[in-house]
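A short worksheet on the structure shown next.
The values are calculated or read from the model by the stated rules, or taken from the named source; none is laboratory data. Computed from a prediction, not measured in an experiment: that's the story for all the values here. Don't worry about glycine lacking a Cβ; one is built from the backbone with ideal geometry, like all the others, and counts go over all protein chains shown.
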């Protein structure tokens, strides 16, 4: 597909924040926002494999798509459990928040390049005998544990309209995938989640409370030292190699590791749902925004290179 270029001047007209110095901007000099593909119903969940191919979801159309490093779009899986947020683990398995049946899936690495039947393993679907609300976003710790958010958004494909759990919380699934623990229960509506590559810190966005928090991950996997990182919530989010945090909603807003806003990337859609770094050098930010998939070059690479 032909990419649609949006000049930087147009981006500034849409309200981009100009940092104190050009060196603070995360966007590469002279970079232009590109519309890679469109006409989706609602895009979500971008994540990149080790080669830099980006997988993302079109949730209402129940499919996972792939944007290859060669710039080709294809359908990876359909149906896809109404997949939402996703991430790769160190073994190249794809972890999927599949909220059709309030499940968390693992799609084996062996399925990623087959171009055929995609198999899945359901890792978890309930907590203490009750269905989860709807796993929304997931991050894999270096030790293999999975941290995911479980807000409640009423879906048109559900037959129920009441929240199964007693609140909207954050959970940890142990590295052996046998023990599910609630690790944060004082947020209003947790949504985006991402941790640092060293596994020491976890960022969680409380989208309804319009705040994003930073936690210390303890040796036992529990969370401590809850700290307000910035006064902005987020749908999905990611980190770059400098620990700048990219939040979504109205475009992409970027905060440095101290919680200071350093950049803003306007996107010409009603809502920006999620972001990830991909491409061969991990210096392209991919943005899922409502009906479109967008990309822009950055001066620093993403924090992660997951999979084999």
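Could you grab me the full set of residues in region 94-103 that are surrounded by 24 or more Cβ atoms within 10 Å (Cβ to Cβ) and assigned to a loop (DSSP other than H, G, I, E, B)?
Within region 94-103, 99, 102 qualify.
With respect to residue 41, determine if the residue is within 19 Å of residue 273 (Cα to Cα), touching a residue at least 24 places away in the same chain (Cβ under 8 Å), exposed (fewer than 15 other Cβ atoms within 10 Å of the Cβ) and in contact with a helix residue (DSSP H, G or I) (Cβ under 9 Å, 6 or more places away or on another chain).
Yes: the conditions hold for residue 41.
Taking region 162-176, which residues are part of a loop (DSSP other than H, G, I, E, B) and either in contact (Cβ under 8 Å) with a residue 60 or more places away in the chain or in contact with a helix residue (DSSP H, G or I) (Cβ under 7 Å, 6 or more places away or on another chain) (or both)? Even if it seems obvious, please write down each step before you answer.
In the first step, residues of region 162-176 are kept if they are part of a loop (DSSP other than H, G, I, E, B); the result is 162-168, 174-176.
Across region 162-176, the qualifying residue is only 164.
Listed here are the residues, each with its yes/no results for (1) more than 13 Å from the chain's Cα centre (by Cα); (2) within 25 Å of residue 301 (Cβ to Cβ); (3) outside any strand (DSSP E or B).
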residue: 71; (1), (2), (3): yes, yes, yes
residue: 92; (1), (2), (3): yes, yes, yes
residue: 105; (1), (2), (3): yes, no, no
residue: 134; (1), (2), (3): yes, no, yes
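If residue 85 satisfies every condition in (1) outside any strand (DSSP E or B); (2) crowded, with 18+ Cβ neighbours inside 10 Å; (3) in contact (Cβ under 8 Å) with a residue 40 or more places away in the chain but one, which is the exception?
(1)
Please indicate, with yes or no, whether at least one residue in region 241-250 is part of a strand (DSSP E or B), surrounded by fewer than 24 Cβ atoms within 10 Å (Cβ to Cβ), in contact with a strand residue (DSSP E or B) (Cβ under 7 Å, 6 or more places away or on another chain) and modelled with pLDDT of 95 or more.
Initially, region 241-250 is screened for residues part of a strand (DSSP E or B), giving 245-249.
Adding the requirement that they be surrounded by fewer than 24 Cβ atoms within 10 Å (Cβ to Cβ) leaves 249.
From what is left, the residues that are in contact with a strand residue (DSSP E or B) (Cβ under 7 Å, 6 or more places away or on another chain) are none.
No, region 241-250 contains no residue that is part of a strand (DSSP E or B), surrounded by fewer than 24 Cβ atoms within 10 Å (Cβ to Cβ), in contact with a strand residue (DSSP E or B) (Cβ under 7 Å, 6 or more places away or on another chain) and modelled with pLDDT of 95 or more.
Exactly one of (1) in a loop (DSSP other than H, G, I, E, B); (2) closer than 13 Å to residue 236 by Cα; (3) touching a strand residue (DSSP E or B) at 6+ places or on another chain (Cβ under 6 Å) is unmet by residue 277. Its number?
(1)
Would you say residue 265 is farther than 17 Å from residue 148 by Cβ, surrounded by 20 or more Cβ atoms within 10 Å (Cβ to Cβ) and in contact with a helix residue (DSSP H, G or I) (Cβ under 9 Å, 6 or more places away or on another chain)?
Details: farther than 17 Å from residue 148 by Cβ: yes; surrounded by 20 or more Cβ atoms within 10 Å (Cβ to Cβ): yes; in contact with a helix residue (DSSP H, G or I) (Cβ under 9 Å, 6 or more places away or on another chain): yes.
For residue 265, the condition - farther than 17 Å from residue 148 by Cβ, surrounded by 20 or more Cβ atoms within 10 Å (Cβ to Cβ) and in contact with a helix residue (DSSP H, G or I) (Cβ under 9 Å, 6 or more places away or on another chain) - is met.
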